[in-house]
1. Pull up the stretch 31-46, narrow it to residues that are surrounded by 19 or more Cβ atoms within 10 Å (Cβ to Cβ) and in a loop (DSSP other than H, G, I, E, B), then point me to the one that is farthest from the chain's Cα centre (by Cα).
2. Restricting attention to the stretch 173-225, report how many residues are of a type in the set (Lys, Arg) and under 20 Å from residue 252 (Cα atoms).
3. For the stretch 9-29, enumerate the residues that are open to solvent by less than 70 Å² (accessible area, probe 1.4 Å), farther than 22 Å from residue 178 by Cβ and not in a helix (DSSP H, G or I).
4. Could you list, in sequence order, the residues of the stretch 121-146 that are of a type in the set (A, V, I, L, M) and either touching an Asp or Glu at 6+ places or on another chain (Cβ under 6 Å) or buried (at least 19 other Cβ atoms within 10 Å of the Cβ) (or both)?
5. Consider the stretch 64-78. How many of its residues are open to solvent by less than 40 Å² (accessible area, probe 1.4 Å) and part of a loop (DSSP other than H, G, I, E, B)?
6. Taking into account only those residues within the stretch 54-63 that are touching a residue at least 40 places away in the same chain (Cβ under 8 Å) and not small (Gly, Ala, Ser), which is most open to solvent (accessible area, probe 1.4 Å)?
7. Any residue in the stretch 63-73 that is among the aliphatic types (A, V, I, L, M) and closer than 29 Å to residue 260 by Cα?
Amino acid sequence: MSTAYSPGSRAVQDRVGVRRLADHVGRSITPAIRPVAAAFLEAQPMLMIGAADAGGRVWSTLLTGAPGFVRATGPHTVSVAAALPEGTPDGAPVGTLALDPRTRRRMRLNGTARTSARGFTIEAEQVFSNCPKYLQKREWYGSEPAGPEAGAVRHGEELTPGQMRRIRAADTFFIATAAPDGVDTSHRGGNPGFVGVDAPGELSWRDYPGNSMFLTLGNLESDGRAGLLFLDWETGLTLQLSGRARTEYGPEERVTRFLVDRTIETPSGSPLRWSPPEYSPANPPVD
């Protein structure tokens, strides 16, 4: 993503009538990692990363470590002390999101990932922050290593009843999308119930008003592949979904529909333990 917006994002901006506002907001997107961004990255114990595997499926994955496991090593380079998500080719485009629930701050960094002695590096092409809208506030209680009772990783092709209950109760998820010029990872938040489970293989959610960039919807416009990540903030369970998504545009609202192709449930996906949420005052009511 060497330019601020892909053709898909431009198409959505024009459709909604916000191109001029998007141009203004887009000035914040740079290839440089400023000192304030570097300091924010180094303070975080987690990083969401989106990438396509060797088969072309897009996944959103949680990486964790002690603060400092992600750090800027130059004005355009980040080093991550973790392995690339399983199946991600070396040299793949990635989209990352660093999120601090304690302060409701987040930043995105998109670029190209390459393996390194420490784990992998990312050559940054897009770096920018987002507003705290729809972010639930949580306190970090600490970390718990996974024990033998955690359970095995579960793979599937549709959602189980338990997974459907978790999604209906979720107040946050992360979505990775792809386009011909790169990958992006974004956050979606709302009150529990903001994600609808319409069938074991289909989810839907309203597209709440945001920053007018339409990076996610723009990628879906031109590609359609997507990866979702749901976290159980208190137990560390992660649920990853890979599939395809489309956006329906109505006179009053936009709705994104996601069709599940593959699922991965990892009981010990995260060692991090977080407090119950303080919901964002921006969250719309859920019917």
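The values are calculated or read from the model by the stated rules, or taken from the named source; none is laboratory data. Model, not experiment: these values are computed from the prediction. Ideal geometry is used to build each Cβ from the backbone, glycine not excepted, and the neighbour counts take in all protein chains shown. The accessibility values were calculated without ligands, DNA or RNA, using every heavy atom of the protein model including side chains. Shrake-Rupley method; radii C 1.70, N 1.55, O 1.52, S 1.80 Å.
1. Once the filter is applied, the top-ranked residue is 33.
2. First pass over the stretch 173-225, keeping only residues of a type in the set (Lys, Arg): 188, 206, 225.
Remaining after also requiring under 20 Å from residue 252 (Cα atoms): 188, 206.
Number satisfying all stated conditions: 2.
3. Answer for the stretch 9-29, where residues must be open to solvent by less than 70 Å² (accessible area, probe 1.4 Å), farther than 22 Å from residue 178 by Cβ and not in a helix (DSSP H, G or I): 17, 18, 28.
4. Quick first cut of the stretch 121-146, residues of a type in the set (A, V, I, L, M) only: 122, 124, 127, 135, 146.
The answer is 122, 124, 127, 135.
5. Total meeting the criteria: 3.
6. Taking the stretch 54-63 first, the residues touching a residue at least 40 places away in the same chain (Cβ under 8 Å) are 56-62.
Adding the requirement that they be not small (Gly, Ala, Ser) leaves 57-59, 61-62.
Values: 57: 81, 58: 2, 59: 35, 61: 24, 62: 20 Å².
Among those that are touching a residue at least 40 places away in the same chain (Cβ under 8 Å) and not small (Gly, Ala, Ser), it is 57.
7. Scanning the stretch 63-73, I find at least one residue that is among the aliphatic types (A, V, I, L, M) and closer than 29 Å to residue 260 by Cα, so the answer is yes.
Residue by residue, here is whether (1) more than 30 Å from residue 89 (Cα to Cα); (2) acidic (Asp, Glu); (3) in contact with a Gly (Cβ under 8 Å, 6 or more places away or on another chain) holds:
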site	(1), (2), (3)
159	no, no, yes
168	yes, no, yes
177	no, no, yes
190	yes, no, no
196	yes, no, no
207	yes, yes, no
